[in-house]
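See structure below.
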Protein chains: 2
Amino acid sequence: MADIARRAGISRQALYLHFATRAELLIAVTHHIDEVKGVQERLVPSHTARSGIERLDAHIKGWGNYIPEIYAIAKALLAVGDTDEAAAEAWDERMAAMSEGCKAAIGALKRDNTPAPEHSPDEATDILWAILSVRNWEQLTMGCGWPQERYIETLKSLARRILVA
Amino acid sequence: MADIARRAGISRQALYLHFATRAELLIAVTHHIDEVKGVQERLVPSHTARSGIERLDAHIKGWGNYIPEIYAIAKALLAVGDTDEAAAEAWDERMAAMSEGCKAAIGALKRDNTPAPEHSPDEATDILWAILSVRNWEQLTMGCGWPQERYIETLKSLARRILVA
DNA sequence: GCTGTCACTTGACACCGTGTCAAGCGCTGG
DNA sequence: CCAGCGCTTGACACGGTGTCAAGTGACAGC
């Protein structure tokens with residue numbers, strides 16, 4: 001909090017006039033970034049995609065390229081979520097939005113009659129959500145050293161083989 | 001530290017006579033659990049597997065069923081790893097051991113001439129390692145509510161479709 | 001039986017981060 | 001002119017980690 005106040009050019013106490021707790025500040029930052037960087041707009045291509053496969057690709061690309069932009073705040077929010085209920089809730093809420101996108105992509109596959117027979121739509125959604133998680137991105141790019149481009153392409157390939165008949 | 005000391009029936013200060021820092025204690029606990037619960041023994045079936053596919057299955061089962069036993073300490077270690085270099089290193093070291101198992105399974109597939117053509121052995125190892133990560137387990141079982149049995153079976157199925165030709 | 005050592009105890013303290021409180025200051029709009 | 005607002009300074013409480021000093025009690029070796 002002291003660091004942030006210094007960088008903002010105000011006193012530490014003034015920060016508490018705006019945000020009651022550290023968690024609240026992190027939540028507000030998260031919402032602000034979503035607004036400025038526009039999650040919604042990123043997922044537009046996935047709405048206008050014609051086939052289910054196209055939609056799957058667009059969703060992976062849109063979300064996958066969004067992750068690096070929110071990574072720092074996401075990590076902070078996840079960390080504080082271990083002890084702060086409201087922060088955990090805020091994160092879950094964000095994830096629910098992203099999970100809706102997964103669900104829609106899976107739904108589009110079903111409409112095309114191209115879903116993999118191995119999974120129910122719910123299970124397929126869970127799987128897609130899991131492999132697109134921030135933690136997974138962290139592991140593959142920061143942990144394994146994959147460049148972002150490769151992350152996107154490989155995940156597209158994985159998703160197709162797992163979720164498309 | 002106070003809680004742990006109380007549960008151990010010694011004074012908080014006595015704890016510091018054994019472990020210099022909280023991180024050091026967590027690291028020691030991790031090693032102790034590995035010793036007692038035996039990671040090595042769990043992976044024996046994977047060494048004796050005949051085919052590459054069998055080995056892949058055995059590795060997923062062995063490790064996948066080990067995760068719930070180490071989950072609590074793993075989470076604590078990961079959390080403290082954000083600020084403590086030694087803890088992060090200890091975790092990476094454990095992960096390297098597990099990653100070796102992934103590598104060996106991929107190697108076995110190659111020896112059988114059954115690896116998926118889409119990935120190099122290194123990439124296949126990274127992917128297997130990522131989907132078998134503790135975070136992924138957390139997400140699917142705790143987040144999505146999958147029972148352990150289903151987690152194992154679904155991951156086996158995923159791994160085959162991704163990594164086997 | 002004495003003594004040194006060792007594991008532990010009690011009780012204090014420093015430091016850091018979060019969050020709170022009170023008093024004061026300066027600008028601006030009515 | 002002044003009330004209100006946003007901010008300031010400066011203090012403090014609290015909890016957690018880590019440190020330090022002095023003391024205690026048991027046990028082993030002489």
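Quick one: would you say A:Asp84 is in contact with a helix residue (DSSP H, G or I) (Cβ under 7 Å, 6 or more places away or on another chain), within 16 Å of DNA strand D (Cβ to nearest atom) and more than 30 Å from A:Pro115 (Cβ to Cβ)?
yes
Out of the residues in segment A:57-98 that are within 16 Å of DNA strand C (Cβ to nearest atom) and small (Gly, Ala, Ser), state the one that is surrounded by the most Cβ atoms within 10 Å (Cβ to Cβ).
The qualifying residue surrounded by the most Cβ atoms within 10 Å (Cβ to Cβ) is A:Ala87.
Among the residues of segment B:13-34, is there at least one that is part of a helix (DSSP H, G or I), more than 22 Å from the chain's Cα centre (by Cα) and among the hydroxyl-bearing types (Ser, Thr, Tyr)?
Yes, the conditions are met somewhere in segment B:13-34.
Test of understanding: among B:Arg22, B:Arg94, B:Arg42, which residue is of a type in the set (Lys, Arg) and in contact with a Gly (Cβ under 7 Å, 6 or more places away or on another chain)?
Step by step, each of B:Arg22, B:Arg94, B:Arg42 is checked, and only B:Arg42 is of a type in the set (Lys, Arg) and in contact with a Gly (Cβ under 7 Å, 6 or more places away or on another chain).
Consider segment A:141-151. How many of its residues are surrounded by fewer than 20 Cβ atoms within 10 Å (Cβ to Cβ) and assigned to a helix (DSSP H, G or I)?
The total comes to 6.
Within segment A:129-165, work out how many residues are aliphatic (A, V, I, L, M), in contact (Cβ under 8 Å) with a residue 60 or more places away in the chain and out of contact with any strand residue (DSSP E or B) (no Cβ under 8 Å at 6 or more places or on another chain).
5
Looking only at segment B:37-44, decide whether some residue is away from DNA strand C (no atom under 16 Å from the Cβ), part of a helix (DSSP H, G or I) and farther than 22 Å from B:Asp126 by Cα. I'd like the intermediate steps shown before the answer.
Kept after step one, since they are away from DNA strand C (no atom under 16 Å from the Cβ), are these residues of segment B:37-44: B:37-44.
Checking the rest, the ones that are also part of a helix (DSSP H, G or I) come to B:37, B:39-42, B:44.
With the extra rule that they be farther than 22 Å from B:Asp126 by Cα, the set shrinks to B:37, B:41.
The answer is yes, given that some residue of segment B:37-44 is away from DNA strand C (no atom under 16 Å from the Cβ), part of a helix (DSSP H, G or I) and farther than 22 Å from B:Asp126 by Cα.
If you check A:Leu158 against the conditions, is it in a helix (DSSP H, G or I), within 17 Å of A:Glu54 (Cα to Cα) and more than 7 Å from chain B (Cβ to nearest Cβ)?
The answer is no for A:Leu158.
How many residues are surrounded by fewer than 18 Cβ atoms within 10 Å (Cβ to Cβ), hydroxyl-bearing (Ser, Thr, Tyr) and within 12 Å of chain A (Cβ to nearest Cβ) if we restrict to segment B:101-140?
Count: 1.
Restricting to segment A:79-95, name every residue that is in a helix (DSSP H, G or I) and within 10 Å of chain B (Cβ to nearest Cβ).
Within segment A:79-95, A:Ala79, A:Asp92, A:Met95 qualify.
Would you check which residues across segment B:86-109 are closer than 15 Å to B:Arg50 by Cβ and touching a Pro at 6+ places or on another chain (Cβ under 6 Å) and list them?
Listed by number, the list holds a single entry, B:Leu109.
Looking at segment A:1-59, which of its residues are under 27 Å from A:Asp82 (Cα atoms) and of a type in the set (S, T, N, Q)? Let's see the steps before the verdict.
Step one: of segment A:1-59, the residues under 27 Å from A:Asp82 (Cα atoms) are A:1-8, A:12-39.
Listed by number, the residues that qualify are A:Gln13, A:Thr21, A:Thr30.
Every number in this text was worked out from the coordinates using simple rules, so none of it is lab data. Bear in mind the structure is a predicted one, so any value in this text is a computation, not a measurement. FYI the Cβ positions are ideal-geometry reconstructions off the backbone, even for glycines, and counts take in every protein chain you see.
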